[in-house]
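Please treat every number below as a calculation from the coordinates, not as lab data. The structure displayed is predicted, hence computed values, not measured ones. Cβ atoms come from the backbone with ideal geometry, glycine included; neighbour counts cover every protein chain shown.
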């Protein structure tokens, strides 16, 4: 279960992504261990925008790891997840 601080950091990251990519939506967060999480997102369909988002995710994820020790692994949501969420 995510702590309040982890939720706060993830919410901030998602907000920063949505500033540049409004179509980004959080679908699911899966805990790998107490400090590592898989984060499934609805992402842009345009390939160029996907590459830009990948760069931003890497930057924001690295910041979270260095600043807070939280390791977020971002991945696009598959169609099955999107139907559930």
Completion exercise
Helix-only [θ] at 222 nm, the chain, -39500 (n - 2.57) per DSSP H run of 4+, per residue, nearest 500, equals -17500 deg cm²/dmol
Handout entry: Degrees between helix 47-68 axis and first principal axis of the chain (Cα, 0 to 90, nearest 10)
Key = 10 degrees
Problem - Exposure proxy ranking, count of Cβ atoms within 10 Å, fewest first, for 14, 70 - result: 14, 70
Handout entry: Scaled radius of gyration (Cα, divided by 2.2 N^0.38 Å) that the chain gives
Key = 1.04
Completion exercise
Scaled by the rule-of-thumb 2.2 N^0.38 Å, the alpha carbon Rg for region 21-67 gives a ratio of 1.24
Handout entry: Helix 4-20 axis, angle to the chain major axis (alpha carbon atoms, nearest 10°)
Key = 30 degrees
